[in-house]
1. Probe of 1.4 angstrom, ligands and nucleic acids ignored: what's the accessible area per residue over the range 154-307, in square angstrom?
2. Can you tell me, using C-alpha contacts under 8 Å and at least 6 residues apart, the relative contact order of the chain as a whole percent?
3. Name the residues whose placed amide hydrogens come within less than 5 Å of the amide hydrogen of Ala169, ignoring near sequence neighbours (fewer than 5 apart) on the same chain.
4. Label point 7 Å out from Arg302 along Cα-to-Cβ: which residues of the range 162-180 have amide N under 19 Å?
5. Tell me the trypsin sites (Lys or Arg not before Pro) within the range 39-104 that lie in a loop according to DSSP and have at most 11 other beta-carbon atoms within 10 Å.
6. Can you tell me the length gained on complete extension of the stretch Phe152 to Arg66, counting 0.36 nm per residue apart and subtracting the Cα distance?
7. Suppose a student asked you for the relative contact order of the range 154-307, using Cα pairs under 8 Å spaced at least 6 residues apart; what percent would you report?
8. Solvent-accessible area per residue for the range 312-364 at a 1.4 Å probe radius, Å²?
Amino acid sequence: MASSETMTTQRSVTFVNYTTPASITTKEINLDKCYSDDEIVINLKAAALNPIDFIVHGLCFPYITRNDLKTYSRDYAGVIVRRGANVDPKWQIGDRVNGMFGHIFGPHGTLSDYLVMDPTKQAAIAHIDNSIDFETAASWPLVFGSAYAVLFHRKQKWTENSKILVIGASTSVSNCLAQIAKNHLKVGTVVGICNQNSIERNKEFGFDYLLPYNDDEGNDVTVKNVQQFIEEKLNGEKFDLIFDSVGNSQFFPIMDQVLKPKNTNSYFITVAGDAKYNYKKPGLLDSFAALKAPFRALNPFRKFNYAFPFVKKEANYMELGNRMLEKGTFKPQIDSVYSFNEFDKAIERLKSNRAKGKVVVKID
Ligand SMILES: NC(=O)c1ccc[n+]([C@@H]2O[C@H](COP(=O)([O-])OP(=O)(O)OC[C@H]3O[C@@H](n4cnc5c(N)ncnc54)[C@H](OP(=O)(O)O)[C@@H]3O)[C@@H](O)[C@H]2O)c1
């Protein structure tokens, strides 16, 4: 029989399917028995939200998913409180760690008191320096990992002559991408496109130039501004990478005017697909728009290199992010921090699609 100290109440934010709102549920767990020899138990201190969290919830249809509780969220920071006998000695009880826990409709999420996981399978985990607080540590793994996949997985060579165009310069993924490109890879030119009201704010993340996507009348001037910029500031030279983090398909018909030729290993890479997701009510139609991306990626007649990467469960980006953070060359942007009981306000803030940086939940 377990001693009373090892029994504890675990709170988690859960849902059954899209008809049930996310809510806090509790269960009693035995901390000494809830893990296997290959697993660690992390006492979570903070989690960060990402659009994928409510997109997955919105697409959880009752007739194709089980009737059990599914958990929220992927980014985390916390302290290891138990370790199995076979776990790599680099993970010890008391270690402060952060990471990205990958799951779809899983029973363990990071809006919870405890996370039980095998660090060899959930490899996007790293140690946090003592100088970094848990909210900051939890705020960046998924978006930083997405930016890392964009910049590193296509074997593009980055130099001071390289040119990157970022569509959606205000998003958290773009924010990380600009900081990795400028501060770590020393890319010569990084140009961002964002709302004209966000230009001043985005300057501090390292963008060399920022162009508005809207004018005073609210017209979309994205393409016009980029064409004019290439002509006036780049003397007609095109981009090595166009990175889209909002779902923009305006450049497809004129790709040869903005992106260098395919044989230079230039790329158009999106993490959002062909169209802007409706954050308020993600549904199947949005998914079909996003699903055009894999078909585009497989199209053998495409005249430009195109990719739609997903963040992976890999240690590389966690180590790079924590190293840059310690050196002061990466500053995660936090929009707001909510208490655990206010998790629904945190979700609403992210759904507004106006958050400037990450929405973090403190697991107090
Ligand atoms: N494939 C993957 O593995 C992966 C991983 C991470 C994220 N994603 C996707 O990447 C996208 C960005 O995620 P995130 O967490 O970085 O976003 P986020 O931080 O929540 O982005 C919010 C920002 O988007 C900007 N925005 C809103 N509407 C816009 C529009 N029509 N055009 C340009 N910018 C607009 C707003 O800034 P302004 O007011 O300045 O425009 C807002 O501050 C999401 O679609 C997400 O699902 C995919």
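The values are calculated or read from the model by the stated rules, or taken from the named source; none is laboratory data. Just so it is clear, the structure is predicted and the values come from calculations on it, not from any experiment. Because the Cβ atoms are built from the backbone with ideal geometry, glycine has one as well, and the counts that use them run over all protein chains shown. These accessible areas exclude ligands, DNA and RNA; they are computed on the full protein's heavy atoms, side chains included. Shrake-Rupley method; radii C 1.70, N 1.55, O 1.52, S 1.80 Å.
1. Spelled out: the 1.4 Å probe surface of the range 154-307, per residue, equals 49 Å².
2. Values: 782 pairs, mean separation 65.6, N = 364.
18 percent.
3. Ile193, Cys194
4. Label zone hits: 164-168.
5. Sites meeting the loop and neighbour criteria: Arg66, Lys90.
6. 27.3 nm
7. 19 percent
8. Ligands and nucleic acids excluded, the result is 49 Å² per residue.
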